[in-house]
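The values are calculated or read from the model by the stated rules, or taken from the named source; none is laboratory data. Quick caveat, the model's predicted, so the values are computed rather than measured. Note: ideal-geometry Cβ built from the backbone for every residue, glycine included; neighbour counts use all protein chains shown. Areas reflect the complete protein model, heavy atoms only, side chains present, ligands, DNA and RNA absent. Shrake-Rupley method; radii C 1.70, N 1.55, O 1.52, S 1.80 Å.
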Amino acid sequence: MRPLNGAETTGAPKPLSAKTYDGSFDPAGLPVRGWIIYGLLLRGYITAVLAPPGVGKSLFALVIAIMVATGRKIISKSQRETTNVLYINNEDDQEEIDRRVAGICQQQKISFDELDGKLFTLSGYGNPLLIAHKENKDTVVAHLDAERVSDFCNVHNIGTIILDPFISTHDVSENDNTEVDKVVQEYRGIAKATGAAIILVHHTRKTGSDTESHAGDEQSGRGAYSLVAATRIAFTLARMSKDTAKCFGIDWENGNRLI
């Protein structure tokens, strides 16, 4: 057998198996896509949230978590399923996460009893949870934490996993497309093993004075583009600019707080 690209082959080749179609194929029997929030969260796949520092992406992610866990349509009316949620934040301590949960619930008049056994939060501040790490010069492997996350999610029936921020969950070069892609493949493995939708919160590159310059730009994420390329859904958060506030007749004191 001729090796591909000059690579050496060992052992007998395994036969290739592929699906074909005949008259018995019935599209009506195909399962519908597992949207948790239509256009935003899809079971078994990864969503990337891209935003500069200080815009509120961590708070936004927690709002999503509470919305999915409770069924409250806080920022979207397209929610199709309520799931248990695991929210992991490697940048804030547990007290800060608790403050934000309390603030969201108080503002939305959500009883904390509604979160019991549905929303789980974990702080990696000072001891970050890792999904993948660089074992040597050329090898990126799954960290033991990846298995811990999968096991926890299966035990607690987690349908949505949020990790904030993505860069803190690995130790590979953020500008290396090949290495970052291997990290995202570990996330895909978790999504497949748990059936959960995964949100990865990620920083954008420096945006300058125009707070909306990156809006809608999936290539605005910091570092390697392979992160976004490997996701199913990617969207941006941007702070409202003065021009947009003026266009909509919004006082800048309020517009400066909108995303």
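Checking each residue in the range 154-178 for being of a type in the set (Ser, Thr, Tyr) and open to solvent by less than 10 Å² (accessible area, probe 1.4 Å) picks out 160, 169. When you look at residue 74, is it assigned to a loop (DSSP other than H, G, I, E, B) and open to solvent by less than 30 Å² (accessible area, probe 1.4 Å), yes or no? No. Taking the range 156-259 and the helices (runs of 4 or more DSSP H) fully enclosed by it, the elements with 1 or more residues that are in contact (Cβ under 8 Å) with a residue 12 or more places away in the chain, in contact with a His (Cβ under 7 Å, 6 or more places away or on another chain) and not basic (Lys, Arg) are at 177-194, 226-229. Applying the selection to the range 11-42, what residues are more than 21 Å from residue 81 (Cα to Cα) and hydrophobic (A, V, I, L, M, F, W, C)? Result: 12, 16, 18, 25, 28.
Only one residue in 47, 83 is in contact (Cβ under 8 Å) with a residue 24 or more places away in the chain and farther than 25 Å from residue 220 by Cα. Which one?
Working: 47 fails: farther than 25 Å from residue 220 by Cα.
None of the others qualify; the one that does is 83.
The number of residues in the range 85-128 being open to solvent by less than 40 Å² (accessible area, probe 1.4 Å), part of a helix (DSSP H, G or I) and more than 21 Å from residue 196 (Cα to Cα) comes to 6. When residue 42 is tested against (1) at pLDDT 95 or above; (2) in contact with a Lys or Arg (Cβ under 7 Å, 6 or more places away or on another chain); (3) aliphatic (A, V, I, L, M); (4) crowded, with 21+ Cβ neighbours inside 10 Å, exactly one condition is not met: (4). If you go through the range 45-60 and pick out every residue that is open to solvent by 30 Å² or more (accessible area, probe 1.4 Å) and either in contact with a helix residue (DSSP H, G or I) (Cβ under 7 Å, 6 or more places away or on another chain) or at pLDDT 95 or above (or both), you end up with 2. Residues of the range 191-222 that are within 20 Å of residue 174 (Cβ to Cβ) and open to solvent by less than 30 Å² (accessible area, probe 1.4 Å): 198, 199, 200, 201, 202, 203, 204, 214, 220, 221.
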